[in-house]
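Colleague: Shown below is the structure under consideration.
The values are calculated or read from the model by the stated rules, or taken from the named source; none is laboratory data. Just so it is clear, the model here is predicted, and its values are computed rather than measured. Counting neighbours? That spans all protein chains shown, and the Cβs are built from the backbone with ideal geometry, glycine included. What goes into the accessible areas is simple: the full protein's heavy atoms, side chains included, and nothing from ligands, DNA or RNA. Shrake-Rupley method; radii C 1.70, N 1.55, O 1.52, S 1.80 Å.
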Amino acid sequence: MRFTRKQIVAKNTENGDMIMMKSRGNALQLTYELPAVNNEATRKRVEEELETVRIFRRIGIIRREAGTTSRYEPRVHGSTNMVSKTTENHAVWNADRELLMERKSVMMDKALMCLSELERDLIRQRYLDTDDTYDYLVCGDLGVSERKYRRVKAQAMYKLALALKLEVLA
């Protein structure tokens, strides 16, 4: 069925996206055009996020500590009346960073639950379980061809990018 100009209604949303609605008699069909995504940059951002979560789950965060090494030369500076609280600043950074990493880990788990079982297994085996896993090894473990493996991996990366809001628009 072809639609005439009178049957197609376009609306701009608050964020500038275009929503098209097609009328068929009394009913409206909503169609939404997804913006173009830069696949390479999006894949890199998702892989960096997966690597960050994997490292956090393995070793936790690397905490900052205040340096207390004294200097031999005198430090000449003007009076600023500022108090340096390096230990306090490091403690706050450590607490905030740990909370941020825990949230990222939880969000990653929620995003993985949105994937199909094959996509979830692929992402876990390739990025979250071990350090030195190659694509061909995961492909063999899952029992899929290399072509299907690449296709499923690309779909999983796209879904994760949308779920975690990491997509890079073209």
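Colleague: Order 50, 169 by their accessible area, 1.4 angstrom probe, all chains in place, largest first.
Modeller: Values: 50 0, 169 105 Å².
The ordering from most to least exposed comes out as 169, 50.
Colleague: Mind checking the full-extension length gain between residue 80 and residue 118? Use 0.36 nm per residue of separation minus the Cα-Cα distance, one decimal, nm.
Modeller: On the way: separation 38, 0.36 × 38 = 13.68 nm, distance 6.03 nm.
Answer, rounded to one decimal: 7.7 nm.
Colleague: If r is the Cβ-Cβ distance from residue 44 to residue 92 and R0 is 22 Å, what FRET efficiency results, to the nearest 0.05? Let's see the in-between values first.
Modeller: Working: r = 30 Å, r/R0 = 1.38.
Computed FRET efficiency for residue 44 and residue 92 comes out at 0.15.
Colleague: In terms of solvent-accessible area of protein heavy atoms at a 1.4 angstrom probe, what is the ranking of 87, 42, highest value first?
Modeller: Numbers: 87 95, 42 5 Å².
Sorted descending by solvent-accessible area, the residues read 87, 42.
Colleague: Not counting ligands, DNA or RNA, and with a 1.4 Å probe, what is residue 104's accessible surface area in Å² rounded to the nearest 10?
Modeller: 60
Colleague: Using 0.36 nm per residue of separation minus the Cα-Cα distance, give me the extension gain between residue 129 and residue 142 in nm, one decimal.
Modeller: Working: separation 13, 0.36 × 13 = 4.68 nm, distance 1.44 nm.
Using 0.36 nm per residue and subtracting the Cα-Cα distance, I get 3.2 nm.
Colleague: Could you tally the net charge around residue 58, taking each other residue with its Cβ under 12 Å from the Cβ of residue 58, Lys/Arg +1 and Asp/Glu -1?
Modeller: Working: positive: 54, 57; negative: 51, 129, 131.
With Lys, Arg at +1 and Asp, Glu at -1, the net is -1.
Colleague: Once the whole set of protein chains is in place, how much accessible area is left on residue 109, using a 1.4 Å probe, in Å² to the nearest 10?
Modeller: The accessible area comes out at roughly 60 Å².
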